[in-house]
């Protein structure tokens with residue numbers, strides 16, 4: 001069964017701010033503790049980063065609000081790269097990013113953290129990247145990785161190219177120019193999409209895994225919504241976007257083994273299940289190496305894993321308590337389910353949740 005998506009995802013505000021509180025009292029001092037006796041969290045928490053998970057963060061904030069209505073959570077969806085930079089500079093207390101920090105970036109210092117603290121990187125938002133296109137009368141295409149690499153590298157330029165026709169028998173393909181649409185900003189979605197091309201295209205994509213589009217040509221658009229709007233508004237276009245914002249648009253089925261697989265939360269979850277956590281990192285740093293070349297039945301390897309990033313320790317203990325509470329909400333079963341319902345993401349597995357909760361427990 002496919003997880004539902006909400007249609008209005010593209011209209012999310014640039015900064016999601018919700019105010020939250022919790023009151024507790026134990027007047028007699030001898031009664032057994034109840035949920036309302038829990039310590040009250042209060043204060044302001046600031047984060048920034050990936051546009052992909054902004055709807056999920058709003059959903060988690062709403063969950064967090066139920067228990068903590070005296071906390072303000074502000075999230076600025078300025079992009080993964082900008083979010084990581086703000087976190088490194090200490091301008092925000094947490095970041096959302098479509099990739100984990102590289103080891104050398106961590107070694108350079110994380111300004112948001114207390115000295116000597118390890119990063120907490122939680123793969124809380126798992127989503128397919130839809131490869132969307134606009135071709136009159138065509139709702140779906142089968143395109144293999146080598147052909148996709150050629151399209152986005154600019155070496156396959158016509159929709160009726162033999163490489164596209166070979167995997168789409170019976171589809172009427174026009175003698176029309178292909179206009180690839182890419183992100184104009186530094187983007188984790190671009191990083192994940194080009195990582196897929198680099199791993200699977202057999203050399204037709206030679207530019208590696210990069211967050212900033214590396215070549216001239218095609219059309220550039222700001223943010224996920226910009227790419228979606230450019231594809232919807234331009235005949236002959238093809239682009240890539242977080243699946244949560246690609247509802248109702250024609251999309252590509254990618255080749256996985258001998259099968260053609262469309263983007264879905266279920267397919268993304270299967271890919272994560274066969275992908276290992278990177279070695280050589282702190283126990284609280286759950287960076288996953290995505291298996292882009294999996295042949296697992298039903299897996300969809302064109303995915304992004306968006307992380308909530310924080311610290312094991314903050315200079316201000318109250319900030320640590322707020323981050324711990326918010327991250328705990330995000331990794332919880334209820335938090336993952338509400339993100340799935342509102343943002344179309346794939347809930348993390350029970351095994352991964354257990355590791356994530358252990359990382360959350362280490363925050364102070």
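Values in this text are rule-based calculations from the coordinates and carry no lab data. Nothing here was measured: the structure is a model prediction, and the numbers come from that model. Counting neighbours? That spans all protein chains shown, and the Cβs are built from the backbone with ideal geometry, glycine included.
If you count, for each residue, the other Cβ atoms within 10 Å and average over each peptide, how do 141-152, 304-315 line up from highest to lowest?
Descending mean neighbour count gives 304-315, 141-152.
Looking at the calculated P(r) for region 99-203, what percent of the C-alpha pair distances fall above 16 Å?
Working: 3734 of 5460 pairs.
For region 99-203, the fraction of Cα-Cα distances above 16 Å is 68 percent.
R0 = 25 Å: FRET efficiency of residue 277 with residue 297, Cβ-based, nearest 0.05?
0.65
Tell me the relative contact order for the chain as a rounded percent, counting alpha carbon contacts under 8 Å between residues six or more apart.
Normalised by residue count, the contact order of the chain is 25 percent.
Once both axes come from the Cα atoms, what is the angle between helix 350-361 and the longest principal axis of the chain, in degrees from 0 to 90, rounded to 10?
The two axes meet at around 50 degrees.
To the nearest 0.05, what FRET efficiency results for residue 158 and residue 333 with a Förster distance of 51 Å applied to their C-beta separation?
Computed FRET efficiency for residue 158 and residue 333: 0.60.
Is the shape of region 269-316 rounded, prolate or oblate, going by the alpha carbon gyration tensor and its root eigenvalues a ≥ b ≥ c, with a/c under 1.5 for rounded and a/b larger than b/c for prolate?
Taking the square roots of the gyration eigenvalues as a ≥ b ≥ c, region 269-316 is prolate.
For the chain, which semi-axes, largest first and in whole Å, follow from the square roots of 5 times the eigenvalues of its Cα gyration tensor?
39, 20, 18
Taking Cα pairs under 8 Å and at least six residues apart, what relative contact order does region 218-364 come out at, in percent?
About 21 percent, as a whole number.
What is the order of 213, 260, fewest Cβ neighbours within 10 Å to most?
Exposure proxy ranking, most exposed first: 260, 213.
Given points 7 Å out from each Cα along the Cα-Cβ axis, report the residue 165 to residue 289 separation in nanometres with one decimal.
Those two pseudo-labels are separated by 4.2 nm.
For region 193-239, take every pair of Cα atoms, bin their distances at 5 Å starting from 0, and report each bin as a whole percent.
5, 20, 22, 25, 19, 10, 0
Show that you can apply the helix-only estimate: for the chain, add -39,500 (n - 2.57) for every DSSP H stretch of four or more residues, divide by all residues, and state [θ] at 222 nm to the nearest 500.
-9000 deg cm²/dmol
In degrees, nearest 10, range 0 to 90: what is the angle between the Cα axis of helix 80-89 and the longest Cα principal axis of the chain?
Value to nearest ten degrees: 30.
Counting only the backbone N, which residues of region 319-333 are under 19 Å from the spot 7 Å out from the Cα of residue 364 toward its beta-carbon?
So the set is 319-328.
One quarter of the convex hull surface, Cα atoms only: what value does that give for region 129-268 in nm²?
Seen from a random direction, the Cα hull of region 129-268 projects 7.6 nm² on average.
Show me 263-269, 170-176, 292-298, 204-210 ranked by packing, highest mean number of other Cβ atoms within 10 Å first.
Result, highest mean first: 263-269, 204-210, 292-298, 170-176.
Using 0.36 nm per residue, how much length does the chain from residue 315 to residue 138 gain when fully extended, once their Cα-Cα distance is taken away?
58.2 nm
Using alpha-carbon positions, what is the distance between the centroids of region 199-218 and region 53-107, in Å?
28
Taking only C-alpha pairs under 8 Å that are 6+ residues apart, what is the relative contact order of region 210-270 in percent? List each step's numbers first, then the result.
Details: 32 pairs, mean separation 11.8, N = 61.
Relative CO of region 210-270 lands at 19 percent.
Return one number: the angle in degrees, 0 to 90 and rounded to the nearest 10, between the long axis of the Cα atoms of helix 223-233 and the longest principal axis of the Cα atoms of the chain.
30
Please find the FRET efficiency linking residue 349 to residue 72, where r is the Cβ-Cβ separation and R0 is fixed at 30 Å, and quote it to the nearest 0.05.
Using R0 = 30 Å, I get an efficiency of 0.40.
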